[in-house]
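Below is one structure; the comments refer to it alone.
The values are calculated or read from the model by the stated rules, or taken from the named source; none is laboratory data. In this text, all values refer to a predicted model and were calculated from it rather than measured experimentally. Neighbour counts run over all protein chains shown; Cβ positions are idealised from the backbone, glycine included. What goes into the accessible areas is simple: the full protein's heavy atoms, side chains included, and nothing from ligands, DNA or RNA. Shrake-Rupley method; radii C 1.70, N 1.55, O 1.52, S 1.80 Å.
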Amino acid sequence: MIGSLGLDILQKLWWLIASLVGSLFLFLTFVQGGQTLLPFLARSPEEKSLIVNSLGRKWELTFTTLVLFGGALFAAFPLFYATSFGGAYWVWLAILFTFVIQAVSYEYRRKPGNLLGTATYDLFLLVNGSLGILLIGAAVGTFFTGANFTLNAYNLVAWTHPLRGLEAAFNPFNVSLGLFLVFVARLQGALYLLNNLDCTAPAMKALEGRCRRAAFGNLLFALPFLLFVLFRLLTMDGLAVDAAGRVSVEAGKYLHNLMAMPLVALLLLAGLVLVVAGVALARFGASRRGIWLAGPGVVLTGLAVFCLAGLNHTPFYPSLADPAKSLTIANASSSLYTLTAMTYVALAVPLVVGYIAYVWRLMDRKKLGPADLEEAELY
């Protein structure tokens, strides 16, 4: 059955698969969000240790999913990978650097005799959770605002801006998307800690209250950036590509995409409602399970945004220097043979997801509380 699928179907299928992986990564950024909350939630060394160890159980899942997202793009859309990573390398190196110092922090933060001291590693975690996510949002924003590249006849990239990708962080739309992701990561981090820590202990009640307030406060901080991003998405011009491969500017392109793909509009609306519902459940109710509404909400929202960028004859990586060289899922994808082979391999993905769910369940079988600090103080 897979062998009979046409190239256009496989290109859309792999855009959806890569988008799903990217959206799962956005959910898992609750780790980064929780790291930025460390100075605000922890009022004692014991509370700080609990928070770091709770997040430390999951940080590798976030990093692995980010690598998987990059790998899926590399395999399915190699021309995008070569263009973006080959041209905009400063922004990607900056992002990778923040994740390197995150890994170093979890590995060495509590090692005896470390030269930098615990406070330095806490600062590294803050940089990863704030600057790292902001730059990722700015990079994703270029899917809509475009990037400064052109390609020659051999698809060799020439970047036309001296900042090599960092210029994306100076575009208001890109920055707003990045800040929105930062605050969403923070509200997810608060909801995750509320659910993962044993807040039934009397000593944890104050921390529980701070987590609930942090989730609500960061939702309020995220709203202005969300409204600006939505307004610009509905009003900005975009590029469209016709059946002959000609690229042209289309007024209100992304609004047209939403109208042409009502399922994507529904995903976007449902995702945002779930995020708000998860926070409201934590702030105005007694439940500690808001993360299980907000998390899927983030996945649905991310999936809608990626679909908006790449489907309905839309270049997902517009070129500001030469619009005719913009990348689409059609001209940037791997061959029919490669995508078919990858699709067979992807049949094993549910097994991997099942294994991750099983490991997650084992890690969260017992909530982390003060009594576990001696055993759990690994980070």
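As I understand it, the dipole of the chain uses +1 on the Cβ of Lys and Arg and -1 on the Cβ of Asp and Glu, about the Cα centre. Which of GLY113, VAL349, ILE51 lies farthest toward its positive end?
Among GLY113, VAL349, ILE51, the one farthest towards the positive end of the dipole of the chain is ILE51.
From the phi of every residue in the range 159-169, what ³J(HN,Hα) in whole Hz does the Karplus formula 6.51 cos²θ - 1.76 cosθ + 1.60 yield, where θ is phi - 60° and glycine or proline is x?
Taking θ as phi minus 60°, the curve returns 8, 9, 10, x, 7, 6, x, 5, 4, 4, 6 Hz for the range 159-169.
Express the accessible area of the chain per residue in Å², computed with a 1.4 Å probe while the remaining protein chains stay in the model. Each step should come with its number before you reach the end.
Working: 17250 Å² over 379 residues.
Roughly 46 Å² per residue, with all protein chains present.
What does the convex hull of the alpha-carbon atoms of the range 36-171 project to on average, in nm²?
With every direction weighted equally, the projected area is 10.0 nm².
Going by alpha carbons, how many degrees (0 to 90, nearest 10) lie between the helix axis of 349-363 and the longest principal axis of the chain?
The two axes meet at around 10 degrees.
Take the solvent-accessible surface of the protein heavy atoms, probe 1.4 Å, and return the percent of it on the range 220-293 that carbon and sulfur atoms account for.
Values: 3130 of 4180 Å².
The nonpolar share, carbon plus sulfur, comes to 75 percent.
Just want to confirm a number: the relative contact order over the chain, from Cα pairs under 8 angstrom separated by 6+ residues, in percent. Walk me through the intermediate numbers first.
Values: 592 pairs, mean separation 96.5, N = 379.
About 25 percent, as a whole number.
Let's test the formula: R0 of 56 Å, r as the Cβ-Cβ distance of LYS205 and LEU96. What FRET efficiency results, to the nearest 0.05?
Values: r = 40 Å, r/R0 = 0.71.
The value I calculate is 0.90.
If I build a Gaussian network model for the chain, linking alpha-carbon pairs within less than 10 angstrom, which residue out of ALA185, ALA265, ALA244 has the largest mean-square fluctuation?
Of ALA185, ALA265, ALA244, the Gaussian network model singles out ALA244 as fluctuating most.
Which lysines have a Cα lying under 24 Å from the Cα of LYS48, excluding residues fewer than 8 positions away in the same chain?
Excluding near neighbours in sequence, the set is LYS58, LYS111, LYS205, LYS366, LYS367.
Angle between the Cα long axis of helix 59-76 and the longest principal axis of the chain, 0 to 90 degrees, nearest 10?
Tilt relative to the chain: about 10 degrees.
Stretch VAL352-THR120 to full length: gain in nm at 0.36 nm per residue minus the Cα-Cα span? Provide the component values of the computation, followed by the final result.
Numbers: separation 232, 0.36 × 232 = 83.52 nm, distance 3.52 nm.
Result: 80.0 nm gained on full extension.
In a GNM of the chain with a 10 Å cut-off on Cα contacts, which of LEU327, LEU336, LEU267 has the highest mean-square fluctuation?
Fluctuation is largest for LEU336.
Using a Gaussian network model on the chain with a 10 Å cutoff between Cα atoms, which of ARG288, ARG186, ARG246 fluctuates the most?
Result: ARG246 has the largest fluctuation of those listed.
Using only the alpha carbon atoms of the chain, find the Kirkwood hydrodynamic radius as the inverse mean reciprocal pair distance, in angstroms to one decimal.
Kirkwood hydrodynamic radius for the chain: 21.6 Å.
Can you tell me what share of the DSSP beta bridges in the chain is antiparallel? A percent to the nearest 5 is fine. Before the final figure, lay out the partial values.
On the way: 8 of 10 bridges.
The answer is about 80 percent antiparallel.
Report, to the nearest 10°, how far helix 133-145 tilts away from the longest principal axis of the Cα atoms in the chain, using its own Cα long axis and a range of 0 to 90°.
Roughly 20 degrees, rounded to the nearest 10.
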